[in-house]
Structure formats: C-alpha cells, structure tokens
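Computed from the coordinates by the stated procedures, all read-outs in this text should not be read as laboratory data. Quantities reported herein were computed from a predicted structural model and do not represent experimental measurements. So basically every Cβ, Gly included, is an ideal-geometry build from the backbone, and we count neighbours across all protein chains shown.
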Amino acid sequence: MDATGWNPDAFAAQLKERLEPLLSGGPRQAHLGKALQTCCEAAESLCHGRIMACGAGCPHCCVLNVAVLLPEAIIIADWLHNALLPAELAVLKKTLALHRCWGRWMDDEERIAKKVTCPFLDLAGSCLIHPVRPLACRGVSSLDRASCREALAPVLTDEPQLVVTDLLRRAAYDESFRALAELLKVYWLDARSIELGSGVLAFLEEPALVDHFLGARRLPDELWRA
Ligand code: SF4
C-alpha cells in the first residue's frame, strides 16, 4: 500500500475477478466492450472527482504516442463505424493510412518537434473518439495547462520539461491496462499492444480480424511492421 492508501496489487486482483467472467469461455465483441468499461469504472472509482486541468479543446498532450490493447482498437473501430457517415469514415481511413506510413514510427520527441498530432484529434482540438478513448489517454491528466503547453511545445532545449500530473490517476489506469493484458494472456487471447492509429485502422480495413482475435488466434505480425 502506498502513501495514498492505494494498494495496486489488491486493485489488480479485484479488477481481474470482475474481468474473468467476461473473458473466459470464448468472449464475444460485446464482452470486450464491457471489459473495457469495467477497467474504466475501476480506475475512476479511485480518482473520480480529483482535480484536473484537462478539458475539451486542450490538445497539448495529443501529440504523444499511444499504445492500445487489441480489444481497445476493436471497440474504437466499431464505435467509428456506427458514429461516422461512410464518407467521413473514408476520409478518416485515409488519414490513418497516412499516419501508419510515417507518424507511427516516430518517438515522442520527434512527434513533438514536428507537431505530429494524434490522427483522432479534430480541427477544434477535441478527441474524435472521446467516449471510447484509450485507457492510456484516460490515465493522463494535467494539473497545470501552462506546464503542458511549455513541455510539449516544439522547442529544442536541453532543459528538463516537466508536466504536473495526477500520479494516482496514471497509476490506476496503468494498472487497469496491465490487469486486462495479463488476463488476455491467461485466456490465450492476443495480448500485444499496438500503436493506436494503426491498430484501429487494421480493424476498419479488415473487420474479419475481430473474429480472428476472439477465436484466440494470433493476429498477423505484419500489423506491427507494415
Ligand atoms: S485518442 Fe483522443 S485523447 Fe488520445 S491522443 Fe488521440 S485525440 Fe488525444
């Protein structure tokens, strides 16, 4: 147990107990959505109501690399299918394909320097997939907008760039991510993480990969290389 009274091991164990019935015995897509909702609820039960400076239209951190588990990519792709018009989806797929060619290979420093933002950031600076955004994004919360703006500005400096963040929120979402990944492994489901845009595009381009995943088959390694 740490200074906040939070015990990561107990948190993970309780969360796994709630996730197990959803993932055991051959999950369906709806179970993946429920599992992610359960992860979010568990993390939010610890940090709901804590102060944060983040809000719609504040896109400073949406320049960093985001890794998702495959169930997250599946649920985001499904959500986009339902939320967007066919023409909007076609435009987004082109954006994601472009991002897959070059943006996904950059590290955070290069993305910041070149202002390569997340392909799901819209022109108003809001997250297009906010209702189903990744666990990694939910875990990032700033306590000071100005420090984000300065730390993530495309300015070359040797000075350490610090952002004041809520460490409990970060730890809770990291632990949720880890617990889900460990359980996927237990049930022989592909537990690898993938870069956000490339993972979502994979399921948009080839919806049959969802059954591949649910059938406990390993997804093609090319998705991590192409
Ligand atoms: S998914 Fe949304 S919150 Fe996460 S980096 Fe992209 S735009 Fe930002």
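Only one residue of Y173, S142, A73 has its Cα farthest out toward the positive end of the dipole of the chain, where Lys and Arg carry +1 and Asp and Glu -1 on Cβ, and that residue is A73.
Would you list, by chain and number, the lysines whose Cα falls below 29 Å from the Cα of K94, excluding same-chain residues fewer than 8 positions away? Candidates past the 8-residue exclusion: K114, K115.
By average Cβ neighbour count within 10 Å, what is the ranking of 166-174, 73-81 from highest down? Present the calculation step by step, with values, prior to reporting the outcome.
Numbers: 166-174: 18.9, 73-81: 21.9.
For the peptides 166-174, 73-81, the packing ranking is 73-81, 166-174.
When the square roots of the Cα gyration tensor eigenvalues are ordered a ≥ b ≥ c, the ratio a/c for the range 14-58 is 1.5 or more and a/b does not exceed b/c, which makes its shape oblate. Using the alpha-carbon centroid of each, what span in Å lies between the range 190-205 and the range 46-108? Using only Cα atoms, the two centres lie 11 Å from each other. The Cα atoms of the chain define a convex hull whose projected area, averaged across directions, is 12.9 nm². Taking other C-beta atoms within 10 Å as the exposure proxy, H99, H212 rank H212, H99 from fewest upward.
In order along the range 6-21, phi translates into HN-Hα couplings of 8, 10, x, 5, 5, 4, 5, 5, 5, 5, 4, 4, 6, 7, 3, x Hz, rounded to whole numbers, per the Karplus curve 6.51 cos²θ - 1.76 cosθ + 1.60 with θ = phi - 60° and x for Gly and Pro. Counting beta carbons within 10 Å around each of T38, T165 and listing the fewest first gives the order T38, T165. Straightening the chain between C58 and V164 buys 36.6 nm, computed as 0.36 nm per residue apart minus the Cα-Cα spacing. Applying 0.36 nm per residue to the separation of L123 and A30 and subtracting their alpha-carbon distance, the gain on full extension is 30.4 nm.
The 3J(HN,Hα) values that the Karplus relation (6.51, -1.76, 1.60; θ = phi - 60°) gives for the range 58-66 are, in residue order, 10, x, 4, 7, 7, 10, 8, 5, 10 Hz. Gly and Pro appear as x.
Assigning unit charges at the beta carbon (Lys, Arg +1; Asp, Glu -1) and nothing else, what dipole magnitude in debye, to the nearest 20, does the range 8-225 show about its Cα centre?
On the way: 24 positive and 28 negative charges, 67 e Å.
With Lys and Arg at +1 and Asp and Glu at -1, about 320 debye.
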